[in-house]
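Written out below as structure tokens is the structure these notes cover.
The values are calculated or read from the model by the stated rules, or taken from the named source; none is laboratory data. None of these values were measured; they are calculated from a predicted model. Reconstructed Cβ throughout: ideal geometry from the backbone, glycine too, with neighbour counts over all protein chains shown. Side chains included, ligands, DNA and RNA excluded: accessible areas come from the protein's heavy atoms. Shrake-Rupley method; radii C 1.70, N 1.55, O 1.52, S 1.80 Å.
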Amino acid sequence: MHEYHKIKSNIAGLLLESGYSEDKPDTEIGYCGSMHCIYASGEKRFMIQWDGEEGFGSVESWQGDNTWVMLEPIVPEGTEQDFNNNLTALCQVVLAQL
């Protein structure tokens with residue numbers, strides 16, 4: 001499974017349980033396999049993305065006024081253990097924002 005889909009399945013699960021729905025489905029945004037999608041609930045939004053050129057996934061939170069803020073940590077390619085550890089930490093950050 002592509003790293004993007006691993007990140008999305010974990011983060012989207014949290015968002016769906018909290019009443020979010022997919023507002024913009026998977027969209028390829030680059031020639032290197034970059035993708036993103038957006039989940040929304042009212043005015044709140046989260047963008048799940050994969051940067052294929054740089055080799056990392058992340059989640060951004062909509063702040064309004066045309067501003068997105070990247071949540072930390074990012075989830076870089078690497079060993080499966082590092083990937084999973086960073087993904088677990090990112091899930092906790094997203095949960096704290098819900």
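Of all residue pairs spaced 6 or more apart or on separate chains, those with beta-carbon atoms under 8 Å, a first member in the range 32-58 that is on the phi > 0 side of the Ramachandran plot and a second member that is crowded, with 19+ Cβ neighbours inside 10 Å and in a strand (DSSP E or B) are 33/50.
For the range 66-85, a tally of residues being touching a residue at least 60 places away in the same chain (Cβ under 8 Å) and in a strand (DSSP E or B) returns 1. For the structure I just gave you, tell me whether residue 4 is touching a Ser or Thr at 6+ places or on another chain (Cβ under 8 Å), surrounded by 16 or more Cβ atoms within 10 Å (Cβ to Cβ) and hydroxyl-bearing (Ser, Thr, Tyr). Taking the combined requirement at face value, the residue does not satisfy it.
Under the condition of being open to solvent by less than 30 Å² (accessible area, probe 1.4 Å) and either over 19 Å from residue 45 (Cβ atoms) or of a type in the set (Gly, Ala, Ser) (or both), the residues counted in the range 57-74 number 4. Filtering the range 1-34 to residues that are touching a helix residue (DSSP H, G or I) at 6+ places or on another chain (Cβ under 8 Å) and of a type in the set (Lys, Arg) leaves only 6. Every test in (1) surrounded by fewer than 13 Cβ atoms within 10 Å (Cβ to Cβ); (2) assigned to a strand (DSSP E or B) is passed by residue 31 save one, and that test is (2).
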